[in-house]
Structures are given as structure tokens and as C-alpha cells.
Amino acid sequence: MRKATKSKLLLCAVAIAVSVVTLLGQNTLAFYSVSSFATNVVTSGDIQLSIIEKMGDQDFPAGGVYIMPGSVVGKKVMVENIGNHPFWLRVKLTNGIDDETLSPDMFELDVNTEDWLAAEDGFYYFKRPVVPGETTPRLFSQVRITGEMDNSYLGKTLQLTVTAHAVQSEHNDAATPTDVVGWPSESQVAE
Amino acid sequence: MKRFVKGLAAVLCAALLVALPVTGALAQDANVTYSGNAGDFIFKPGSRYSLTDLFPNFKDVMPGDSLTQRITVKNNADKKVKVKIYMRSIGAIDAESKEFLDQLMLTVKRADETNPMFLAEADKTAGLRDWRCLGLLYSGGTVDLDVTLDVPVTLDNMFQQKIGALRWQFKLEEIPIDDARHRYCSNCGAEMYRHTCRDANGQLYEWWECDHCGFATDPSPKTGDDSSVALWCVVAGGCVTVFVLLLVLRRKKEQSAEEGHDEP
């Protein structure tokens, strides 16, 4: 085949090939490609309480109070839910002088049995969950020192220690508060 | 007059307070929006922990919670393009996040599908390790993702007040649309398909239907043609190129022939 004819044929083939490639390429080329990151955050809640101890309108003295047999010590104990989630609540009272824990028989408390349940384990259980922002009704408002205390306790300082335990009430229903699951152990205390 | 103004102001303030939406306690949807022209994705609503946070419903979680987050991915780009959107999980951003998120189960699925794309501990990449295509979206088109977080009731006390951050990556490819051959649904953004039929007089009618939402245009007499202008332009351009090249070659040949005659 003559050289000139070969060149013409080659040119035609190249032109057609370029046309076809351009045509096919139209629908496969993307205009833009974009990529971005999103940082998504999960946070967990907690339950928080605050024990309120009052002597009249004042805060109960941190150092305790001087006592005599037969004394009546005015002390109001309430608990406030200062968190964002409701909880079941139980409270324990420990009375002592210096390092000595005194027998509960030496004291009489005017326990509010309408809202609190005295259990055999020594705890007082609030009968329903405490909602966020709520302060419970008083557990008791006074402590009377019975005659069981002899003269060796004269001039001593009485400490009334309140220990509170809380466990979430969401997904933790129970017929009575003593049946609630998840109470912390004695070592996990709030004073 | 003063009293009237004061009273009116009080009424307006009360009305404003009533009209203000209640937020915080209610579930909130999240959005991933592409606005087009190679702009970034826009992530909403964000939070005080991250501007791109898509988990507004997963805050302050407690043991026993099972929470759902709806994320809507939307293409707001120009109508001349459609986009293919992909996502993948990078995993927890640090060791502390990993420890916390490892306690929680996460499920991710398209709202219109049954099988999840991802079902594992929240710090894992699992089914989202590689890019997963969420869909092909025309302008205005959306795809919904449902994300579920399950918090075990046995979650330990040590995980109170914890923060876990999980990173996802989104990407897309813009693809131009040939308007003569494609249409998109103005109702849902999905691609529409052309239908034709002839009446008793032989007149051809055409209409477009969306298989996704059922929207359809009214049948109208078919006019014009469907041929691709681009195709014929390219062919014409190729022919012109060949013609010009052949012309140039012929001239060169004639010139060299003339030079050959001139030589003794």
C-alpha cells in the first residue's frame, strides 16, 4: 500500500479513536470529590446527692454537740437530689462519742415513718425515687438521749453520722425499695 | 397610653415564651448536608464537645438505656449534578474514649433497610471499616440513617461522667447529569424513568415516573428528539479534524510535486 494512503488511514483512525474516547469519557468523569470528618460524642450520666443536716435553721455543727442524759438534740436530716437522674435512697445513722460507736438503744429518733421505711439491715429507705431537684421530707427532726447513758458520758461530744446510699431508679423498678438492685456496698459511702 | 404599651409588651413576652420551642429533653435529629461546588459537608447540630457532633441524643446516658439517633444525609447541590455518598468509621479518637465506648453497643442502618451496616461495640470499625455507599442522590435527595446505642444495665460505676468520641468520615463524588436523558423527581430527588405510548391516531405521548415515591408527570405529546447533542458535536469535531489534516497533507504533497518539476 502506498505510503501516502497509509498515512491518511492512520490519521482517520486516530481522529475516530479520539472522538470515541472523548465521548465515553463524558459520563465517567466526576466533577468534584469531597471528604469530611464528623466527631460524634457519647457522654454518660451519674447520680448525685447532698445530705442536709440542720439544727433549727442552722447547719448542724460539724464538731457535734455536748450532751446530757435525757437531752433532746434538735437535728433535721434530709437528702437532696442534685443530679440529673432520679434515684432510690437509703440512709443509715451512726451515733458515736469520740471513736466509740454507741448503741442505738441509747437514742430515740422521731422517724418520719410516713415517707421512710425502717429495715432490718439498719437502713432507712425512702419509699419512692427521689427526682432531680427534690429534697426529701425529713428523716427525723430530733434525737433524745435515753437514760441508758451513764455519767461517764458527761461533757462528751456526740456525733450523729448520717450515711446515704443512692442507686439509679431508671431501668430499676421494684415493688419496695428494699427489693431494689444495685445498692452500693458499705465501703462506697457518702457522708 | 403608657399602661397600654406596658400591657402589650407583657402579652407579647408571654406569647414569645409560649412559642419558644422546648429543647434539651426532646429527641433531636442530626443532619449531614452537601451544599455543592466542592464545598464541605455541613454537620448539624454539633455540641459543646464537637462542632461536628451527630449524636445529640446520646448525652448523659445511663445503664439500661437504649437510645436512637436519626441522621439525615442530604444533597443540596445544583440540579445539574447527582452525588454518590459514602461513609466509614475511623473508630474512637483516644484511649479513654475507646475504654468507655467499648462498653456500649452501636447499631447503624439505613432507615429503609432491615440489615444493619454496623453492629458492634461503639469503639470498633467493624462493618464500617471500609467505605460503604449510602446511595446516589439527586439534588434535594436524602438518605436516613438510624443509629441505636445500647447501654448495658451492668455498666460499672467507674464509667459515670465519662466522655467517648467516635470519628466518622463522609465522602462524595459529584456526577454530571445529562438532562436530555435523565430526570430527577422534584418530590424525593430519586431518578425518574420515561414511559411512552401511542394513541389511536399514532401520536406518541411520553411521561416520567418516579419508582421511589410514585410521583409522575402528566402525559404530553412527544416533541423533538432525544439524540445527544454532545455525541454529534464530538463526531462532527472529529470529522473536521480529519478533513483539515487531509487538506494540509494534500497541499504539502502538491508543493513537493511542484518543487520536483522545477528542478532541472
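The values are calculated or read from the model by the stated rules, or taken from the named source; none is laboratory data. If you're wondering where the values come from, they're calculated on a predicted model, not measured in any experiment. Here the Cβ positions follow ideal geometry from the backbone for every residue, glycine too, while neighbour counts run over all protein chains shown. For the accessible areas, the whole protein counts, side chains as well, though only heavy atoms, and no ligand, DNA or RNA atoms are used. Shrake-Rupley method; radii C 1.70, N 1.55, O 1.52, S 1.80 Å.
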| note | The residue from A:L93, A:L89 that alone is touching a His at 6+ places or on another chain (Cβ under 8 Å), more than 14 Å from chain B (Cβ to nearest Cβ) and either at pLDDT 80 or above or open to solvent by 60 Å² or more (accessible area, probe 1.4 Å) (or both) is A:L89
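Quick check, is B:T52 in contact with a Phe, Trp or Tyr (Cβ under 6 Å, 6 or more places away or on another chain) and not aromatic (F, W, Y)? Give the steps one after another, and end with the answer.
Values: in contact with a Phe, Trp or Tyr (Cβ under 6 Å, 6 or more places away or on another chain): yes; not aromatic (F, W, Y): yes.
Yes, satisfied.
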| said: Tally up the residues in segment B:54-76 that are within 9 Å of another protein chain (Cβ to nearest Cβ), assigned to a loop (DSSP other than H, G, I, E, B) and in contact (Cβ under 8 Å) with a residue 12 or more places away in the chain, please. | reply: 8
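Listed residues A:A119, A:A30; which is at pLDDT below 90, touching a Pro at 6+ places or on another chain (Cβ under 9 Å) and surrounded by fewer than 19 Cβ atoms within 10 Å (Cβ to Cβ)?
Only one candidate passes the filter, namely A:A30.
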| query | Yes or no: B:V229 at pLDDT 80 or above and either within 14 Å of another protein chain (Cβ to nearest Cβ) or open to solvent by 50 Å² or more (accessible area, probe 1.4 Å) (or both)? | reply | no
| request: Looking at (1) in a loop (DSSP other than H, G, I, E, B); (2) modelled with pLDDT of 85 or more, find the lone condition where B:A38 falls short. | output: (2)
| message | What's the number of the only condition in (1) within 10 Å of another protein chain (Cβ to nearest Cβ); (2) at pLDDT below 90 that A:N84 fails to meet? | response | (2)
| task | Looking for whichever is modelled with pLDDT under 95, within 13 Å of chain A (Cβ to nearest Cβ) and within 23 Å of the chain's Cα centre (by Cα) here; the options are B:L166, B:L172, B:L145. Which one fits? | result | B:L172
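Take B:D123 and decide whether it is under 30 Å from B:R183 (Cβ atoms) and more than 13 Å from the chain's Cα centre (by Cα). Show your work before the answer.
Numbers: under 30 Å from B:R183 (Cβ atoms): no; more than 13 Å from the chain's Cα centre (by Cα): yes.
Answer is no for this residue.
Please note which strands (runs of 3 or more DSSP E) are completely contained in segment B:84-181 and include at least 1 residues that are in contact with a helix residue (DSSP H, G or I) (Cβ under 9 Å, 6 or more places away or on another chain), crowded, with 16+ Cβ neighbours inside 10 Å and touching a residue at least 24 places away in the same chain (Cβ under 8 Å). Explain how you work it out, then say what you get.
Numbers: elements: B:105-110, B:118-121, B:132-137, B:142-150, B:163-176.
So the answer is B:105-110, B:118-121, B:163-176.
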| query | How many residues are open to solvent by less than 50 Å² (accessible area, probe 1.4 Å) and hydroxyl-bearing (S, T, Y) if we restrict to segment B:40-83? | reply | 4
| message | Cβ-Cβ distance below 7 Å, separation of 6 or more or different chains: which pairs start in segment B:27-51 with a residue that is within 9 Å of another protein chain (Cβ to nearest Cβ) and end on one that is aromatic (F, W, Y) and open to solvent by 80 Å² or more (accessible area, probe 1.4 Å)? | response | B:A38/A:Y32
| Within the set of pairs 6 or more residues apart or between chains, which connect a residue that is within 20 Å of B:D78 (Cα to Cα) inside segment B:186-205 to a residue that is open to solvent by 70 Å² or more (accessible area, probe 1.4 Å) with Cβ atoms less than 6 Å apart? | B:N187/B:F215; B:C188/B:H212; B:A190/B:H212; B:M192/B:R183
